[in-house]
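Have a look at the structure below before the remarks.
The values are calculated or read from the model by the stated rules, or taken from the named source; none is laboratory data. Predicted model only: the values in this text are computed from it and were never measured. Heads up, the Cβs are rebuilt from the backbone with ideal geometry, glycines too, and the neighbour counts pull from every protein chain shown. What goes into the accessible areas is simple: the full protein's heavy atoms, side chains included, and nothing from ligands, DNA or RNA. Shrake-Rupley method; radii C 1.70, N 1.55, O 1.52, S 1.80 Å.
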Amino acid sequence: MGKVVLDITMSLDGFIAGPNDGIERPLGDGGERLHDWIFGGRTDSTLPAGHYPKSATDADVLAEMFRTTGAIVMGRRWFDNGERPWGNNPPFHVPVFVLTHHARETVTRGTTTFTFVTDGIESALQKAQAAAGEKNVTVGSANTAQQFLKAGLLHEIQIHLVPLLLCTGVRLFDHIGTNQIKLESTRVIESPGVAHLRFRVIN
């Protein structure tokens with residue numbers, strides 16, 4: 001069984017989306033600049049269509065994520081905001097499990113399936129691990145990440161830290177309780193527009 005990994009891009013002041021995020025602006029006002037390291041270049045790579053990292057280093061980090069991820073757990077807000085721009089070929093290419101309070105039939109778009117889980121994060125994780133096999137389960141979206149952190153279910157955190165101060169928006173590490181969470185830095189990869197930081201969660 002693989003690891004449970006939070007893998008997410010964040011501004012220097014701790015935001016993963018700008019203000020006013022929604023269906024019309026999935027990353028909020030100005031938030032698209034956070035992912036410029038993924039989509040803003042023309043680096044040759046074997047990444048899924050639409051991914052054009054700005055450097056070979058960034059391409060390697062992104063390719064590693066695709067190679068090691070076997071399933072994804074996300075929140076309903078991320079799904080709702082992203083469904084329209086993803087279109088018929090979402091960028092995940094692995095089973096995705098969506099945490100929600102409202103039951104819905106499984107949705108298939110291209111090679112990605114979205115299964116809606118109504119009975120909590122432990123159930124979603126169990127289903128994701130079964131689908132992922134020996135690969136990792138990647139966790140995304142702020143609320144979902146906060147729930148996994150509070151429950152002690154994360155093994156690693158990978159932050160793609162962008163030199164940008166959004167000042168407001170969706171903060172990643174809100175609502176994680178008051179108990180300190182100790183991390184061990186295991187990798188730092190520098191790139192011109194982003195620093196890729198990896199930590200082991202010490203429970």
### Message
Give me the percent of accessible area attributable to carbon and sulfur for the chain, probe 1.4 angstrom.
### Response
51 percent
### Task
Can you work out the accessible area per residue across segment 121-197, with the rest of the protein chains kept in place, probe 1.4 Å, in square angstrom?
53 Å²
## Note on the structure
So the FRET efficiency between His102 and Gln126, C-beta based with R0 = 35 Å and rounded to 0.05, is 0.95
### Task
Over the chain, calculate the relative contact order: mean separation of alpha carbon pairs under 8 Å at least 6 apart, over the residue count, as a percent.
29 percent
### Task
Note down the relative contact order for segment 129-203 as a percent, whole number, built from C-alpha pairs under 8 angstrom at least six residues apart.
34 percent
### Message
Run the paramagnetic zone check for Arg187: 7 angstrom along Cα to Cβ, then residues of segment 54-70 with backbone nitrogen under 17 Å.
### Response
55-70
### Query
For the chain, what is the mean residue ellipticity at 222 nm derived from helices alone (per DSSP H run of n ≥ 4: -39500 (n - 2.57); sum divided by total residues; nearest 500 deg cm²/dmol)?
-7000 deg cm²/dmol
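Assuming a strict under-18 Å limit between Cα atoms, what lysine pair count do you get for the chain once near-sequence pairs (fewer than 8 apart, same chain) are dropped? Numbers along the way, then the final one.
Details: Lys3/Lys127; Lys3/Lys135; Lys3/Lys150; Lys3/Lys182; Lys127/Lys135; Lys150/Lys182.
The result is 6.
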### Query
How long are the three semi-axes of the equivalent ellipsoid of segment 71-180, in whole Å, if each is the root of 5 times an eigenvalue of the C-alpha gyration tensor, listed from largest down?
23, 18, 14
### Summary
Of Ala142, Ala131, Ala71, the most mobile residue in a GNM of the chain (C-alpha springs, cutoff 10 Å) is Ala131
### Message
Tell me the accessible surface of Met1 in square angstrom (1.4 angstrom probe, heavy atoms of protein chains only), to the nearest ten.
### Response
140 Å²
### Task
Check each of the chymotrypsin sites (Phe, Trp or Tyr not before Pro) in segment 107-203 and keep only those in coil by DSSP with at most 16 other C-beta atoms within 10 angstrom; list them in order.
Phe173
### Query
Simple spin-label model, 7 Å along Cα-to-Cβ: Glu64 to Gln180 in nm?
2.8 nm
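Taking N as the number of residues in the chain, what is its alpha-carbon radius of gyration divided by 2.2 N^0.38 Å?
Numbers: Rg = 16.0 Å, N = 203, 2.2 N^0.38 = 16.6 Å.
Its radius of gyration relative to the 2.2 N^0.38 Å reference: 0.96.
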### Sequence ranges 84-91, 30-37, ranked by mean other-Cβ count within 10 angstrom, highest first
30-37, 84-91
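Please give the net charge around His101, taking every other residue with its beta carbon less than 14 angstrom from that of His101, where Lys and Arg add +1 and Asp and Glu add -1.
Numbers: positive: Arg76, Arg77, Arg104; negative: Asp80, Asp119.
After counting each charged neighbour, the total is +1.
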